Amino acid sequence: MGDRIELSQNDDHVGGRFKWEREPSCCSQLKAAVDEDKFIFVSNFVDGENGPNSFYMMPVDADGYLARSKGVQISHCPWCGTAIDARKHYPAKTKRR
């Protein structure tokens, strides 16, 4: 993607600023859209204990401005149609006493 969306971003919430536990493996375009293009965003929400993170897109208008304030959650790769099964790496939590 030639143009990138410029958003105020939380370091652990969007692509390119976290490590993968399970990288998207369906096609190279999904991982690039998260890590490089900043077009697909990855939430900190997961589906189950070992399930995938929630992925979403931020729709923009022709001028590159956000078309709506909330993202659109996606569960399948927009390029190949495969169900997304990818997860961010989270550090192990220590138990409190």
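Between residue 49 and residue 89, what is the FRET efficiency for a Förster distance of 22 Å, r being their Cβ-Cβ separation, to the nearest 0.05? Efficiency for this residue pair is about 0.90.
For segment 15-85, taking the reciprocal of the average inverse distance between every pair of different Cα atoms yields a Kirkwood hydrodynamic radius of 12.7 Å. Projecting the Cα atoms of 45, 58, 77 onto the charge dipole of segment 24-97 (Cβ charges, centred on the Cα centre) puts 45 farthest toward the positive pole.
All of the numbers you see were taken from the coordinates with simple rules; none came from a lab. Model, not experiment: these values are computed from the prediction. Positions of Cβ are generated from backbone atoms using ideal geometry, with glycine treated the same way; all protein chains shown enter the neighbour counts.
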